[in-house]
Amino acid sequence: MQTKEHLQTYDRISREQVAEAKDLAVSLVRENLKTFTEYFPDSNSRDQFYPQSENVEWTTGFWTGEIWLAYEETGDEVLKKAGEIQVESFLDRIQRRVDVDHHDMGFLYSPSCVAAYQLTGNETAKKAALLAADNLMGRFHEKGQFFQAWGELGAKDNYRLIIDCLLNMPLLFWASEVTGDEKYRQKALAHITTAMGCIIRPDCSTYHTYFFDPETGAPVRGVTHQGNRDGSAWARGQAWGIYGSAMAYRYLKNPEYIEIFEKVTGYFLTHLPSDLIPYWDFDFDDGSDEPRDSSSAAIAACGMLEMAKYLPEEQAEYYRAMAERLMLALWQRCAVKSPEESNGLLLHGTYARDSVNNPCTNRGVDECNTWGDYYYLEGLVRLSREWRTYW
């Protein structure tokens, strides 16, 4: 385990390194428009290169988010046009209900369509994002007060929330802001309250998923779906807890969420290996031959940079510094340096890892994944200037 004191001895990424890394990432995004304007990258690369995919699964919004980040940095009309083409695809997807029977409307529509509307006033994007918010509202359970993650609505074997869904809630807060209808905000508040009440363990690690009784709504038990075991801390889930608690505080200003943020972030940081690139689960540490999940570090860094905006300066500086240390580790050890190496941005991610204690099969192990790429670029943008979040 790391100590807080030792963590502060690591180098921080410099302004010059941020600029170099960001400029390279933006150039790689622009290069990839040749392949991914009418199509999308698959959720993870294969032998470090993404194949083309239709607009399916929960991950396509991240690529479009990369396009909008790159457009913000450059003002390049080619990037804007590509983003607008993809917005049309997202409207078509929600209207035809293509692979939308799950909770990940925020991951799909915040970095793609909320971003487009925010940056360009695109009314198609606004329409698509509001339809996605309405779709998400249909997964709310009054018994238990949460959004069901996946599966047949109300089914006992899937009557659960997952920690990832904290990042889908900003879509609902946005929907209330643009429509003036508080129903979206009220359901988001209810879900966050429920999740925060059950998903944090006494040692400040997090459950990936939590079941409720469909008859009474009472909390039942926490289990993993993608972690190494029910009692372990899946690295990406812990990172969602960091960013999710920061966003919960942003919208609700509940001081309890600062405390939760500090706890889950402290667990994440003190359980990092010596090179600061998390293994896919915190059961593993230095010397393990298990794969890493670089995306977890990128998500966590973005969450720390977000929360730093709301904290007293001494605390804020600590979390900014830790984010800078994580981003330096990613730049030095995981960043794609040329289009010949990969058509992603961030190497050494893990989509899902097989374990005797989870139902997963190996997928995207030691590969790029679209959310890792997106949050890596978001982190670089956050470090380079004041950035208005898409979330």
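Put a plus charge on the Cβ of each Lys and Arg, a minus charge on the Cβ of each Asp and Glu, and nothing anywhere else: the dipole of segment 160-238 about its Cα centre is then about 180 debye. Accessible area ranking (1.4 Å probe, heavy atoms, ligands and nucleic acids excluded), largest first, for 385, 333: 333, 385. Measuring with a 1.4 angstrom probe and ignoring ligands and nucleic acids, residue 26 comes out at about 10 Å² accessible.
Toward the positive end of the charge dipole of the chain, with +1 on the Cβ of Lys and Arg and -1 on the Cβ of Asp and Glu, the farthest Cα among 251, 6, 85 is that of 251.
Please work out the C-alpha center-to-center distance from segment 286-350 to segment 104-131 and express it in whole Å. After rounding, the separation between the Cα centres reads 26 Å. Which FRET efficiency, nearest 0.05, do residue 288 and residue 354 yield, Cβ-Cβ r, R0 22 Å? That pair, residue 288 with residue 354, gives E of 0.90.
So which trypsin sites (Lys or Arg not before Pro) in segment 1-85 are both in a DSSP loop and have at most 13 other Cβ atoms within 10 Å of their Cβ?
34
Accessible area per residue for segment 110-227 is 37 Å², calculated with a 1.4 Å probe on protein heavy atoms, without ligands, DNA or RNA. Computed with a 1.4 Å probe over protein heavy atoms only, the accessible surface of segment 41-96 comes to 38 Å² per residue.
Using 0.36 nm per residue and subtracting the Cα-Cα separation, the extra length available between residue 96 and residue 183 on full extension is 28.9 nm. In this structure segment 294-368 gives 35 Å² per residue of accessible area when probed at 1.4 Å with all protein chains present.
Placing a label point 7 Å from the Cα of residue 253 along the Cα-to-Cβ line, no residue of segment 171-185 has its backbone N under 15 Å from it. Remark: segment 68-73, residue by residue, has Karplus-estimated 3J(HN,Hα) of 5, 4, 5, 5, 4, 6 Hz, where x stands for each Gly or Pro and the curve is 6.51 cos²θ - 1.76 cosθ + 1.60 at θ = phi - 60°.
Each residue, residue 229 and residue 155, gets one label point 7 Å from its Cα in the Cβ direction; the gap between the two is 2.8 nm. Give the carbon-plus-sulfur fraction of the accessible surface of segment 1-42 in %, rounded to a whole number; probe 1.4 Å, heavy atoms of protein chains only. Carbon with sulfur: 46 percent of the solvent-accessible area. The charge dipole of the chain, taken about its Cα centre with unit charges on the Cβ atoms of Lys, Arg (+1), Asp and Glu (-1) only, comes to about 820 debye. The heavy atoms of residue 139 present about 20 square angstrom of accessible area, all protein chains included, probe 1.4 Å. For the chain, the relative contact order is 20 percent, taking Cα pairs closer than 8 Å that sit 6 or more residues apart in sequence and dividing their mean separation by the residue count.
Placing dummy labels 7 Å off each Cα toward the beta-carbon, the span from residue 315 to residue 56 is 4.5 nm. Computed about the Cα centre, the dipole magnitude for segment 198-339 is approximately 440 debye when only Lys and Arg (+1) and Asp and Glu (-1) carry charge, each at its Cβ.
Tell me which trypsin sites (Lys or Arg not before Pro) from segment 232-281 have a DSSP coil assignment and no more than 10 other beta carbons within 10 Å of their own.
253
Candidate cross-link partners of residue 309 among the lysines, defined by an alpha-carbon separation under 16 Å and a same-chain spacing of 8 or more, comprise 253.
Which of the following values of mean projected area of the Cα convex hull in nm² was calculated from the structure shown: (i) 17.3; (ii) 18.7; (iii) 19.9? Working out mean projected area of the Cα convex hull in nm² from the coordinates points to (i).
The values are calculated or read from the model by the stated rules, or taken from the named source; none is laboratory data. Note that this is a predicted model, so its numbers are computed, not measured. Using ideal geometry, Cβ is built from the backbone for each residue, glycine included, and neighbour counts are taken over all protein chains shown. Keep in mind that these areas ignore ligands, DNA and RNA; they rest on the heavy atoms of the full protein, side chains included. Shrake-Rupley method; radii C 1.70, N 1.55, O 1.52, S 1.80 Å.
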